[in-house]
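A.B. asks: Below you'll find the structure I mean.
No value in this document is a laboratory result; all are computed from the given coordinates. In this text the structure is predicted, and so the values were computed from the model without any measurement. So basically every Cβ, Gly included, is an ideal-geometry build from the backbone, and we count neighbours across all protein chains shown.
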Amino acid sequence: MASNRRQRKDNRRDRILDAAAAQFSKAGYNGASVREIATSAGILPGSMYYHFSSKEELLGAVHEEGLRKIKDEVTAAIANESEPWARLEAACAAHLEALHESKDYGSVIATEFPRRHAKKLRARMIVQRDEYEEIFRGLIADLPLRRGVSRKYLRLSLIGAMAWSLVWYRAGRDSPKQIARQIVNLFRCPEADGG
């Protein structure tokens, strides 16, 4: 009985997160209202506060859930590869697929993070992003790159290019896997000497 109650509660929380991601994606944090989120989730506005103490806490939870979804896919994808460039390509393909499958969450991750929020929330978001980016730090550290190529700027450029795909990507054209291959090939250098 208790496990059934917990499962129902978790479903409600998931519905709230999905509704909040959609509203934040559509209207931005400032434009989204708790009432609209609650209505979309099929609950009373006051019930939101049972799960989240504030709209800002809800934003933090949406950001965390979006990153979790992407991180889970990337982690699973790289587990199947051993060659460094293949691992990076698999990570990028999984990142792009997860980003576009959960586009509302991806939009919140890409657009709300840079905006000004309370220091506590920004600090929480930074920790979450750093944990996720650690995967790419490791993947890029293993690459045989041309001497003098900045691994830091390679990582930042790669993640930025993938985030920007939220603006230009159209389903039905190139697949996320094809896009990942092309993006990674931009950074691959035939004269790599491991420097």
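A.B. asks: Kindly point out which whole DSSP H helices in the chain project their C-alpha atoms 15 angstrom or further along the helix axis while averaging a Kyte-Doolittle hydropathy of 0.5 or above.
C.D. replies: Numbers: long enough: 2-31 (37 Å, -1.49); 55-78 (35 Å, -0.32); 84-101 (25 Å, 0.04); 119-141 (31 Å, -0.50); 151-168 (26 Å, 0.63); 176-187 (17 Å, 0.09).
Span-like helices, by this rule, are 151-168.
A.B. asks: Which of (i) 18.1; (ii) 17.5; (iii) 23.6 is the computed Kirkwood radius over Cα pairs in Å for the structure on display?
C.D. replies: Working out Kirkwood radius over Cα pairs in Å from the coordinates points to (i).
A.B. asks: So what is the relative contact order for the chain, in percent, with contacts set as C-alpha pairs under 8 Å and at least six apart?
C.D. replies: Working: 190 pairs, mean separation 44.3, N = 195.
For the chain, the relative contact order is 23 percent.
A.B. asks: Now for a different question. Rank-order 148-158, 94-104, 175-185 by packing density, defined as the average count of other C-beta atoms within 10 Å over each peptide's residues, highest first.
C.D. replies: Numbers: 148-158: 13.3, 94-104: 20.2, 175-185: 16.8.
Descending packing order for the listed peptides: 94-104, 175-185, 148-158.
A.B. asks: Using the Cα gyration tensor of the range 73-180, with a ≥ b ≥ c the square roots of its eigenvalues, what is the shape: rounded (a/c below 1.5), prolate (a/b larger than b/c) or oblate (neither)? Present the calculation step by step, with values, prior to reporting the outcome.
C.D. replies: On the way: a/c = 1.79, a/b = 1.20, b/c = 1.49.
Here the range 73-180 falls in the oblate category.
A.B. asks: Something else now. Can you compute the helix-only [θ] at 222 nm over the chain? Use -39500 (n - 2.57) per DSSP H run of at least 4 residues, normalise by all residues, nearest 500 deg cm²/dmol.
C.D. replies: On the way: 9 runs with 150 residues, N = 195.
-25500 deg cm²/dmol, from helical runs alone.
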